1. Checking residue 99 against (1) more than 30 Å from residue 55 (Cα to Cα); (2) surrounded by 11 or more Cβ atoms within 10 Å (Cβ to Cβ), which single condition isn't satisfied?
2. So the check is Cβ under 9 Å with 6+ separation or different chains; which pairs have a first residue in region 102-124 that's under 22 Å from residue 91 (Cβ atoms) and a second one that's part of a loop (DSSP other than H, G, I, E, B) and at pLDDT below 80?
3. Would you pick out the residues in region 141-172 that are in contact (Cβ under 8 Å) with a residue 40 or more places away in the chain, assigned to a helix (DSSP H, G or I) and within 13 Å of residue 66 (Cα to Cα)?
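The values are calculated or read from the model by the stated rules, or taken from the named source; none is laboratory data. Everything numeric in this text was worked out from a predicted model, so none of it was measured. Glycine gets a Cβ as well: all are built from the backbone with ideal geometry, and neighbour counts include every protein chain shown.
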């Protein structure tokens, strides 16, 4: 008597459904490049501009001088960040293009090089993102100081605004990168306090010597 074997369609269907039900794990490391440029650019904008304003404010207490110092810091810092990021990413781009060409020659691969280049980092895009992030960060101390005439109140508001912004940027960067938010935010905040305090103190000390 011929034995009828059970069909395995159901088993295969179940396996297929199980594979579809597997949770998709996102590779957050792919965010590293643009996240690094954005977070570092914003933090640099906040700290550099605020430290400059605090340093000048240690010897010149009028609001106009502090704001002009902040504007100069914003423009110089944004240009510096853009150029630095452009040069850095372009060096990486050239290195990866050279590697692709070597692999094509070694493997006899005739894939379209131009299509492969589109997947590589874009220097202009990285430079624009870095400069924009720096400018956004630099606006925090500028807006905080721009409308307050009293010197002590102005300094206090700048420190408070910068502290809140540093905590915010630190938390956003940590959440997007799936890192501990509290630890990252506190590390950035303490570093910012040190930068502003050292700049203010040393400038005050140098100004008191009569230079």
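1. Looking at each condition in turn, residue 99 falls short on (2).
2. Filtered contacts from region 102-124: 103/109; 104/110; 104/111.
3. Across region 141-172, the qualifying residues are 141, 142, 145, 151, 154, 155, 158.
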